[in-house]
Amino acid sequence: MKSQERITEILIEKGNKLLKAEREFVEFTKDKEADKLMNDIEHNPHIFVLACVMDRQIPAERAWRIPYLISQEIGGYEFEKFLNLKKEQIKEIFNKKKLHRFNDEMAENFYLAIQKIHKDYDNDASNIWKGNQKSATIVRRFLEFRGMGVKIATMTANILARNFKIPMEDYICIDISPDVHIKRVFKRIGYIGEDSSNDELLYKARELNPIYPGIFDLSCWEIGREWCRPTNPKCEQCYLNEHCEKNM
Ligand code: SF4
């Protein structure tokens, strides 16, 4: 068997294992209290959705902490508390606490996301994904939130499927994230060329595993973070070592 084919097998096997594994606590932010809130998707699904809406042009850990920081400011994390907030109040909190790089704009997105959960999902954000939905339906629903692009919408759907074990009819529309670690690993394996675009990365993952292109996401991200560093990669410790082209 050719090396790349073997790597694909290993990565798909790993991805399937993660998908089928028991649910575990996810460390989103390195802040235990914020993480507890985000992981409690059964009782506070709006916290997870609002956190993902904030994930733009700042480190994810910082973005994902925003709903928790706001809940502290307003004395509660229940959806009603958020719904009672006026747009101007949210803007004030964002600016006072310097929550984001784009405080006014992201405050507006935060406010509109609350209103959308209220109007379209009956105050319960889990109605976005409840009922064994198609992955396309879930991604499209996230895309309807102001400020959520394809990258974040598919990443959010992927976290729901892989980490929170939300049942879905299929995983076809859950793409790989064009993350810097993932792209570097794809290049070094030889899946894509040195100058490949994010679209090429996306289509390569679709080509390799059309039923669930996002299956490569977490394993490649981990490889990139742990061993396949930009300089001095630790190939001898990486489980792809035997088969990897090591295109540096
Ligand atoms: S074997 Fe080396 S180059 Fe290949 S993915 Fe692992 S760390 Fe990266």
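The values are calculated or read from the model by the stated rules, or taken from the named source; none is laboratory data. Values in this document were obtained by computation on a predicted structure and should not be read as measured data. Positions of Cβ are backbone-derived with ideal geometry, glycine not excepted, and every protein chain shown enters the neighbour counts.
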Filtering the range 103-124 down to residues that are in a loop (DSSP other than H, G, I, E, B) and out of contact with any helix residue (DSSP H, G or I) (no Cβ under 9 Å at 6 or more places or on another chain) yields ASP122
Can you list the helices (runs of 4 or more DSSP H) found entirely within the range 1-61 that contain at least 2 residues being touching a helix residue (DSSP H, G or I) at 6+ places or on another chain (Cβ under 6 Å), free of Cβ contacts under 8 Å to residues at least 60 places away in the same chain and buried (at least 17 other Cβ atoms within 10 Å of the Cβ)? 32-39, 45-53
Can you give me the number of residues within the range 204-222 that are under 14 Å from SER177 (Cβ atoms) and in a helix (DSSP H, G or I)? 13
Going through the range 223-236 one residue at a time, which ones are assigned to a helix (DSSP H, G or I) and more than 8 Å from the ligand (Cβ to nearest atom)? ARG225, GLU226, GLU236
Residue satisfying all of: in the range 161-198; within 16 Å of the ligand (Cβ to nearest atom) and of a type in the set (Asp, Glu); farthest from ASN16 (Cα to Cα) among these: GLU194
Quick one: is LYS151 within 16 Å of ASP55 (Cβ to Cβ) and among the basic types (Lys, Arg)? yes
Residue satisfying condition, being within 16 Å of the ligand (Cβ to nearest atom) and either assigned by TED's automatic domain parsing to the domain that holds ARG56 or more than 13 Å from the chain's Cα centre (by Cα) (or both), within set LYS204, LYS134: LYS204
Failed item, numbered, when TYR239 is tested on (1) within 15 Å of the ligand (Cβ to nearest atom); (2) over 12 Å from PRO178 (Cβ atoms); (3) part of a helix (DSSP H, G or I): (3)
VAL139 fails exactly one of (1) at pLDDT 95 or above; (2) surrounded by fewer than 19 Cβ atoms within 10 Å (Cβ to Cβ); (3) not in a loop (DSSP other than H, G, I, E, B), namely (2)
